[in-house]
Amino acid sequence: MTGEESLRPQSLMLTFLGDQVLGRDVCVYSGSVIDVFSRAGIGEQATRSTLTRMVNRDLLRRQREGRRMYFGLTERSEAVLRDGERRIWQTGAVNRHWDGTWTLLGFSLPESWQRQRHDLRSQLTWSGFGPLFNGLWIAPGEVDVSALVAELGLSAHVKVFRAHADTGMDIGQMIEETWELSDLAGHYEAFVRRWQPWEDDLPDADDAPPASGRGDPHLAALVLRLRLQTEWLRIVRRDPRLPVKHLPDDWPADQAEKTFRAVHDRLSPLARDASERLLDLVPARPQA
């Protein structure tokens with residue numbers, strides 16, 4: 001896994017919860033989380049700090065059972081995880097069914113509102129928009145940004161339209177000028193280089209990364225799948241899902257998605273066995 005980018009503990013935690021807790025109405029023992037994360041190279045203190053921060057941000061709730069502390073989902077974290085689930089398994093990385101619609105967003109902010117301008121641009125980028133011109137941003141498809149704009153307190157300064165390009169406009173060139181395609185392609189290509197070897201191999205006592213639990217291929221598979229899904233979601237969330245017919249012919253997203261699904265399928269049986277053996281789960285009680 002040479003060249004693997006570092007993954008934030010909270011990102012790994014959300015992936016872990018999406019795999020093991022989402023949709024099951026259960027809470028997971030903190031010791032189980034610490035054990036799995038230690039195999040992923042995350043120390044106990046970092047794991048405990050991540051759990052505490054997520055509770056403070058209303059992404060987790062605590063549930064005590066005797067002397068043990070368990071953690072379950074909140075409405076907020078469940079919404080985040082459902083969105084990630086849709087992005088991975090339903091929306092996908094390749095936009096083959098674009099209907100020609102664009103969402104245009106124009107804004108005009110006072111010069112002194114530098115922080116608000118930065119926040120808006122960051123949120124627009126996260127939502128798949130690119131800067132067509134300085135105060136005019138564009139995204140493929142119909143993107144609802146009403147909640148985003150309202151949360152930033154900028155509803156009075158933003159106008160949103162749906163549009164179609166005129167016949168004869170070079171959409172491919174517009175895309176190249178608006179989005180950093182080379183950076184996005186590089187993320188997909190790096191993902192394939194890192195993960196493609198696992199399409200044909202399963203971890204064993206000899207080749208499992210040390211942090212993943214040498215001698216236990218099931219645990220190694222659990223940790224590898226955790227990293228695989230976290231990295232994949234990070235990449236597809238960066239992707240504005242531009243229409244594939246207007247992207248370069250060698251666009252690497254399709255191959256990367258095939259690699260992701262193949263490796264996920266290969267690791268899953270061992271990973272499921274490890275989670276059944278290692279994780280202490282209890283039914284989630286209704287919150288007061």
*Using a Gaussian network model of the chain with C-alpha springs under 10 Å, which one of PHE191, PHE16, PHE161 is most mobile by mean-square fluctuation?*
PHE161
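Would you mind working out the accessible area per residue for the stretch 228-273, using a 1.4 Å probe, and quoting it in Å²?
Numbers: 1940 Å² over 46 residues.
Averaged over the residues of the stretch 228-273, the accessible area is 42 Å².
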*Counting helices only, and only those DSSP H runs with n ≥ 4, report the 222 nm mean residue ellipticity of the chain as the sum of -39,500 (n - 2.57) divided by its residues, in deg cm²/dmol to the nearest 500.*
-15500 deg cm²/dmol
*Report, to the nearest 10°, how far helix 9-20 tilts away from the longest principal axis of the Cα atoms in the chain, using its own Cα long axis and a range of 0 to 90°.*
70 degrees
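At 1.4 Å probe size, with every protein chain present, just tell me what the per residue accessible area of the stretch 101-164 comes to in Å².
Working: 3700 Å² over 64 residues.
In whole numbers, the stretch 101-164 has 58 Å² accessible per residue.
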*Mind listing the phi-derived Karplus ³J(HN,Hα) values for the stretch 98-107, rounded to whole Hz, using 6.51, -1.76 and 1.60 with θ = phi - 60°, and x for any glycine or proline?*
5, 9, x, 7, 10, 9, 10, 10, x, 9
*Note down the magnitude of the dipole of the stretch 175-277 about its Cα centre, charges +1 on Lys and Arg C-beta and -1 on Asp and Glu C-beta and zero elsewhere, to the nearest 20 debye.*
460 debye
*Specify the residue with the greatest mean-square fluctuation among THR15, THR74, THR47, computed from a Gaussian network of the chain linking alpha-carbon atoms under 10 Å apart.*
THR74
*Evaluate the relative contact order of the chain (contact order divided by residue number), counting alpha-carbon pairs under 8 angstrom at least 6 apart; express in whole percent.*
26 percent
_Most mobile of ALA93, ALA156, ALA221 in a GNM of the chain (Cα contacts under 10 Å)_ = ALA156
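Counting other Cβ atoms within 10 Å, keep those with at most 15, restrict to DSSP loop, and tell me which trypsin sites (Lys or Arg not before Pro) in the stretch 79-128 are left. All intermediate terms of the calculation are to be shown ahead of the outcome.
Details: sites: ARG82, ARG86, ARG87, ARG96, ARG115, ARG117, ARG121; in loops: ARG96.
Passing sites in the stretch 79-128 are ARG96.
Note down the magnitude of the dipole of the chain about its Cα centre, charges +1 on Lys and Arg C-beta and -1 on Asp and Glu C-beta and zero elsewhere, to the nearest 20 debye. Can you show the working numbers first?
On the way: 37 positive and 42 negative charges, 277 e Å.
Charge dipole, the chain, about its Cα centre: 1340 debye, nearest 20.
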*Tensor-based shape of the stretch 101-164 (alpha-carbon gyration tensor, a/c under 1.5 rounded, otherwise prolate or oblate)*: prolate
*Can you pull the percent of the chain's accessible area that's carbon plus sulfur, 1.4 Å probe, other chains left in place?*
47 percent
_Rounded to 10°, Cα long-axis angle of helix 217-238 versus longest principal axis of the chain_ = 10 degrees
*In degrees from 0 to 90, rounded to the nearest 10, what is the angle of the helix 44-56 Cα long axis to the longest principal axis of the chain?*
50 degrees
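The values are calculated or read from the model by the stated rules, or taken from the named source; none is laboratory data. Note that the coordinates shown come from a computational prediction; the quantities given were computed from them, not determined experimentally. Positions of Cβ are backbone-derived with ideal geometry, glycine not excepted, and every protein chain shown enters the neighbour counts. SASA here: full protein model, heavy atoms, side chains in, ligands and nucleic acids out. Shrake-Rupley method; radii C 1.70, N 1.55, O 1.52, S 1.80 Å.
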